[in-house]
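**Student:** Sharing a structure here in structure tokens format.
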Amino acid sequence: MDKKVLRNLSYGVYVVTSKDKDRNIGCVANSIMQVTSNPSVIAVSINHDNYTNKIIKETKKFGVSILKETTDPKIIGTFGFKSSNDTDKFDGINFKVISEIPVLEDTCGYMVCKVIDMMETSTHTIFLGEVVEADDYSNENAMTYKYYHEYLKGSSPKNAPTYEEKSIPQSNKEGKTKKWKCSFCGYIYEGDELPDNFVCPICGVGKENFELIED
């Protein structure tokens, strides 16, 4: 079975957020669709292992920030490859709070929803949310899943519905002494220098997000 055909389905790249008491939390999602227009209802799929899933079930509220092609890739690295359970993902991120839910500013816009129903699958919860607040504040192109893969050379987070396990290229070569660590996911690259066009094979960020560590 050639699963690459699934990439022809239309996906965006979004950050889904909620509020854990006094903490802002969120994760990257790409499976979001409009279900009805009046009232406006959307569906979002969140992995059971994501901390965001747990909080949405508790609060019955969530926000969706629609990423644009020029959105800082660090946002994808932070919200897609770290856990809100032990990380303040909003540290250094521009955001505002709408109806008690944080939404990102470096985006095409946002929707804030109240959960009206949910369905469980073996790995994900599909939340149905009625849109209670929304704003469109960018004329830039929304980032698509295809753009993220083909132009940003990004990879899917492990908990994404579209995740496929890949073998990570081995970079430990005889005679190489320098080690470079990705500041987002911790991947270690071994080599004298990072190539100019290098991207992390785990989280998709560029070489500027790697730091030289002690051998």
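The values are calculated or read from the model by the stated rules, or taken from the named source; none is laboratory data. Since this is a predicted model, take the numbers as computed values, not measurements. Cβ atoms come from the backbone with ideal geometry, glycine included; neighbour counts cover every protein chain shown. These accessible areas exclude ligands, DNA and RNA; they are computed on the full protein's heavy atoms, side chains included. Shrake-Rupley method; radii C 1.70, N 1.55, O 1.52, S 1.80 Å.
**Student:** Kindly evaluate T121 against the criterion of being open to solvent by 10 Å² or more (accessible area, probe 1.4 Å), at pLDDT below 95 and among the polar types (S, T, N, Q).
**Tutor:** Numbers: open to solvent by 10 Å² or more (accessible area, probe 1.4 Å): yes; at pLDDT below 95: no; among the polar types (S, T, N, Q): yes.
The answer is no for T121.
Residue-by-condition table, conditions (1) at pLDDT 95 or above; (2) surrounded by fewer than 22 Cβ atoms within 10 Å (Cβ to Cβ); (3) in contact with a Pro (Cβ under 8 Å, 6 or more places away or on another chain); (4) under 14 Å from Y14 (Cβ atoms):
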residue	(1), (2), (3), (4)
V44	yes, no, no, yes
K57	yes, yes, no, no
K60	yes, yes, no, no
E69	no, yes, no, yes
N85	no, yes, no, no
V103	yes, no, no, yes
V115	yes, yes, no, no
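**Student:** Next question. What number of residues in the range 1-18 are touching a Phe, Trp or Tyr at 6+ places or on another chain (Cβ under 9 Å) and either at pLDDT 95 or above or within 18 Å of H124 (Cα to Cα) (or both)?
**Tutor:** The first filter runs over the range 1-18 and keeps only residues touching a Phe, Trp or Tyr at 6+ places or on another chain (Cβ under 9 Å), leaving 7, 9-13, 15-18.
Adding the requirement that they be either at pLDDT 95 or above or within 18 Å of H124 (Cα to Cα) (or both) leaves 11-13, 15-18.
Residues that pass the stated criteria total 7.
**Student:** Return the residue satisfying two criteria in turn: it lies in the range 176-215 and is at pLDDT below 80 and among the charged types (D, E, K, R), and of such residues it is least open to solvent (accessible area, probe 1.4 Å).
**Tutor:** For the range 176-215, the residue satisfying everything is K176.
**Student:** Quick check, is S45 more than 11 Å from the chain's Cα centre (by Cα), within 29 Å of E140 (Cβ to Cβ) and either of a type in the set (S, T, Y) or part of a strand (DSSP E or B) (or both)?
**Tutor:** Details: more than 11 Å from the chain's Cα centre (by Cα): yes; within 29 Å of E140 (Cβ to Cβ): yes; either of a type in the set (S, T, Y) or part of a strand (DSSP E or B) (or both): yes.
Yes: the conditions hold for S45.
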